[in-house]
Amino acid sequence: MNKIRENIQTDQFLIDKVLGGDTNAFAVIIKNTEGLVAQIIFKMINRVEDRKDIAQDIYLKAFKNLPGFRYQSKLSTWIAQISYHTCLSYLEKKKLVLTDHCYDNSEPDEDSIELSGGKSSLSFTNQTEKDIFHRELTEILREEIDLLSPLHKTLITLYHNEELSYDEIAQITQLPEGTVKSYLFRARKSLKDKLLRKYKKEELW
Amino acid sequence: MVAEHLSENDIQQYVSDPSACGSQVARHIETCETCQVKAETYRVLFFGIRHQPQPVFDFNLSDLVLSKLVQPKPKFSWEIMVVYLCSFIGIMTILFLCFLLREYFTSLFTGSSTLVFYLFVVIAFTSLVFQGIEIYRNYQKKINTLNIS
């Protein structure tokens, strides 16, 4: 609760400064939120050359609309909401699909495959083996996450990497909380199935 | 205990936030090997997602944005003007009253004992020190917030 109050106080202090004409305070806001904005842009926009314009557009919109910010959410959530909807408009303009429903529903045979040869991720015989497994896992997952739809990629990132709550994600995407949970469930399941299939395929070799 | 295997949804929820699951789910996972394997798979998956590299822009975003901003002119605020005016009137009134009652003030402490006088001074000083510390801490916090270097 204290943290929330502190966040609001910091947000209010920075916004007052910006509205008073101090653009350096806006630079602070950018520094504080650009990680989250980058996560959303990188997950939703594949064309590298468009990301720069979109990032700039997001902050110019935020600056323009700052006087209308009503402290109903954290400033970072509000900026993430602008980011998400700016990316969404871009996808719509380019006629790109935000979400697809073509998940492969066939279940991998779980009895015959276990990740890392049946070992728990925490029970490796030595550090090298553990490092190799983690590197390989990160790489496989990076590829598989890239194959997800922009919406699913974004939801997975906001929940697992940015550690936002379902409520905050619902505010950013303007989707009902139940829908967010349902999309997240499907995205995780799809990733898990692909991961298992990948490991099974490698084991067969 | 749940006799049948847990649903995929329950397992995901158990792995991402065990405290949000019922005790039945936790008890089932403790005793069911099939569900343990599934939970472990999700644990590995979540670990892998969490360790994905954080994307970063290959350009200085704040420089880019700040160069496009139209520097807003600090606007004249009537509210602030009214606050200044009221403060000025208040201070002048207090000073005028002090001037009028100066003789009363000089005799205010002459009738009381030295102990009461010092007590009054100590309380006033202590509260001033506490307020000073609080103001300094707030100032430091705001400066730290603005420190972008």
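Phi angles across segment A:170-187 convert, under the Karplus curve 6.51 cos²θ - 1.76 cosθ + 1.60 with θ = phi - 60°, into 3J(HN,Hα) values of 5, 5, 5, 8, 6, 9, x, 4, x, 5, 4, 4, 5, 4, 5, 4, 5, 5 Hz, Gly and Pro given as x. Averaging Cα coordinates gives a centre for segment A:1-80 and one for segment A:133-201; these two points are 24 Å apart. For segment B:126-142, 3J(HN,Hα) computed residue by residue from phi via the Karplus equation (6.51, -1.76, 1.60; θ = phi - 60°) reads 4, 5, 5, 4, 4, 5, x, 4, 4, 5, 5, 5, 4, 4, 4, 5, 5 Hz, glycine and proline entered as x. Backbone phi angles across segment B:101-107, fed through the Karplus curve with coefficients 6.51, -1.76 and 1.60 (θ = phi - 60°), yield HN-Hα couplings of 9, 4, 6, 5, 5, 5, 8 Hz in residue order; Gly and Pro are listed as x.
In segment A:11-32, which residues have a backbone nitrogen under 15 Å from the label point lying 7 Å from B:Gln54's Cα in the Cα-to-Cβ direction? Label zone hits: A:30-32.
Put a plus charge on the Cβ of each Lys and Arg, a minus charge on the Cβ of each Asp and Glu, and nothing anywhere else: the dipole of segment A:10-61 about its Cα centre is then about 160 debye. About its Cα centre, chain B has a charge dipole of approximately 840 debye under the convention of +1 per Lys or Arg Cβ and -1 per Asp or Glu Cβ, with nothing else charged. From its DSSP helices (H runs of at least four residues, each -39,500 (n - 2.57)), chain B gives a residue-normalised ellipticity at 222 nm of -23000 deg cm²/dmol.
Rule-based calculations on the coordinates, nothing more; no lab input. These figures come from a predicted structure and were not determined experimentally. As a convention, Cβ positions derive from the backbone with ideal geometry for all residues, glycine included, and neighbour counts pool all protein chains shown.
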